[in-house]
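Derivation of every value follows stated rules applied to the coordinates shown; laboratory data play no part. Predicted model, so just to flag it, every value in this text is computed and none were measured. Cβ placement follows ideal geometry from the backbone for every residue including glycine, while neighbour counts extend to all protein chains displayed.
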Amino acid sequence: MSRILLGVSGGIAAYKSCELVRLLVRAGHDVVPLVTAGAERFVRAETFTALARRPAGEDVYLHLTRADVLAVAPATANTLAKMALGLADSVLTEAAVAHTGPVIVAPAMNPRMWAAAATQVNVATLQARGVTIVGPGTGDTAEGEHGVGRMAEPAEIAAAIEAVLAATGSGAPAGAGALSGRSVLVTAGGTREPIDAVRYVGNRSSGRMGVALAAEAARRGAEVTLVASNLAVAAPAGVTVVQAPTAADLARETLARSAAADLILMAAAVADYRPVDPRADKRSKDAAGWTVELEPTQDVLAALGEVRRPGQVVVGFAADHGEEGLSKARVKRERKRCDLIVFNDVSRPDIGFDSADNEVTIVGAAGELDVPKGAKSTVAAAILDEAGRLLAPRA
Ligand code: CTP
């Protein structure tokens, strides 16, 4: 999987870039749309965000993070000129100045604007800097003129992007494309076990890690179902969400869907115990104490391990303390019959529960991988790379 910054500037050809986003997402890439105000006159930024299957409320500086390629399609005469000059007055042009990797532009404009001396000088300047120019082609323009200025077709632009990625060696790592078209089941959040009508036994899980996994799997082209327990964050676009507030709900909804899943990621913090006899009403306060008896819940991950079918990949999570916790996670992986256990050291206050960052050790049968501290989306990508490697190739 490669990260692609996709600049869309203001031309009628912006609608064709929707198809370009779809092609790139289907190929398993992480697409970050950068839509200018001019482009929004034709297609709303939300359309691109939804097609790119990006989670809501992402980092506002995403356009300045590392990317494997910057593609601008359509590139108007105005945007080409700004890129040639190094102006930075929008997220697109800021990204163009900051980005250090390969750049591809697909110009689209009126034939006389394309032929203009100023435009040709700007194109030559960009080419001299190593920018790849795709198109424009000859045809009828939206204004009824005929000539050179039509944006190249989305498939041609996608092919140019793939060629650049292959040439720079930043194409998909082994296993990254493995999720395309696969059925992925993710659990996320923390269950709440009622004590009475208003009180519950809960935990601190926000659901961020599971949501990041669901978003990343969807971005890689998987059909994703997210079994959600009391998420503190929004579910990503493009995934099917099933609400499961309690451990019993989560067990029922997950086990009902497990047979169809190629990959199951049990990121939810499922209660291990629940009140034996929750009250239907609210208990009023009085001077007496209140003893609540708890009983064990079903271990869903262990149950999945029992019924798993050949070829299915099951990933569990373990939140525990330090080296000793890691040793327990290794034992847990075998006991619960899962392929991978993602170990999270909860003795660290800066990662894990309710934090934007995480740092994990992915424990497998063949070895262990330490994933350094990073955004949960980055950690999710590493987990899916490992899980993808274990998925049997399609027939
Ligand atoms: N899990 C589950 N069903 C439960 C409890 C946990 O499916 N009732 C899953 C979690 O989703 C997670 C993994 O099991 O993937 C976490 O295991 P954990 O709760 O750490 O295991 P325990 O056996 O409870 O840990 P401990 O060793 O502390 O008993």
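Miscellaneous remarks
- For the pair Lys373 and Arg112 in one chain, pulling the backbone fully straight at 0.36 nm per residue adds 88.8 nm over the alpha carbon distance.
- With a Förster radius of 51 Å applied to the beta-carbon distance between Glu306 and Glu46, the computed FRET efficiency rounds to 0.75.
- Charge dipole of the chain (Cα centre as origin; +1 on each Lys and Arg Cβ, -1 on each Asp and Glu Cβ, all else neutral): 380 debye, rounded to the nearest 20.
- Nonlocal amide H pairs with Val32, under 5 Å, H built at 1.01 Å: Ile4, Leu5, Leu6
- Residue of Gly149, Gly289, Gly374 that the Gaussian network model of the chain assigns the largest fluctuation, springs spanning Cα pairs under 10 Å: Gly289
- Build a GNM of the chain with springs between Cα atoms under 10 Å apart, and of Gly367, Gly86, Gly137 the one that fluctuates most is Gly367.
- Amide hydrogen neighbours beyond the local backbone of Val241, cut-off 5 Å, H modeled: Leu226
- Close amide-amide hydrogen proximity is noted between Ala269 and Gly189, Gly190, Thr191, each under 5 Å apart and 5 or more residues distant or on a separate chain (H modeled in the peptide plane; Pro and chain starts excluded).
- Rounded Å value of the spacing that divides the Cα centres of the range 23-71 and the range 250-287: 36
- Computed from backbone phi with θ = phi - 60° and the Karplus coefficients 6.51, -1.76 and 1.60, the 3J(HN,Hα) list for the range 284-301 is 6, 6, 8, 6, 6, x, 9, 9, 10, 8, 10, 10, x, 8, 6, 7, 5, 4 Hz; x is used for glycine and proline.
- FRET efficiency, Asp277 to Ala124 (Cβ-Cβ, R0 56 Å, nearest 0.05): 0.10
- Too-long pairs where the Cα-Cα distance tops 27 Å, listed order kept, from Lys328/Lys373; Lys282/Lys376; Lys16/Lys82; Lys82/Lys373: Lys282/Lys376; Lys82/Lys373
- Calculated mean residue ellipticity at 222 nm for the chain: -10000 deg cm²/dmol, from DSSP H runs with n ≥ 4 weighted as -39500 (n - 2.57), summed, divided by the residue count and rounded to 500.
- Cβ-Cβ FRET estimate between Ala356 and His146, R0 fixed at 45 Å, reported to 0.05: 0.30
- Against the main long axis of the alpha-carbon atoms of the chain, helix 322-335 sits at an angle near 80°.
- Folded to 0 to 90 degrees: helix 117-128 orientation relative to the chain principal axis, Cα: 50
- Taking N as its residue count, the alpha carbon Rg of the chain over 2.2 N^0.38 Å: 1.16
- Using θ = phi - 60° in the Karplus curve 6.51 cos²θ - 1.76 cosθ + 1.60, the 3J(HN,Hα) couplings for the range 261-266 round to 8, 7, 9, 10, 10, 8 Hz; x is entered for Gly and Pro.
- Among Val313, Val331, Val31: highest mean-square fluctuation, GNM of the chain, C-alpha pairs under 10 Å: Val331
- Order of Cys18, Cys338 - criterion: other Cβ atoms within 10 Å of each residue's Cβ, fewest first: Cys18, Cys338
- Cβ-based net charge around Lys376, under 12 Å, with every Lys or Arg adding one and every Asp or Glu removing one: -4
- Net +/- balance of residues flanking Gly238 in space, Cβ distance below 11 Å, scoring K and R +1, D and E -1: +2
- Site pair Ala155 and Thr291 shows an inter-label distance of 7.4 nm when each label is modelled 7 Å from Cα along Cα→Cβ.
- The range 351-395-the range 99-114 distance, computed between alpha-carbon centres (Å): 37
- For the range 162-168, putting each phi into the Karplus relation 6.51 cos²θ - 1.76 cosθ + 1.60 with θ = phi - 60° gives couplings of 4, 5, 5, 4, 5, 5, 8 Hz, in residue order, rounded to whole numbers and with x for Gly and Pro.
- Rounded tilt (10° steps) of 376-390 against the dominant C-alpha axis of the chain: 80
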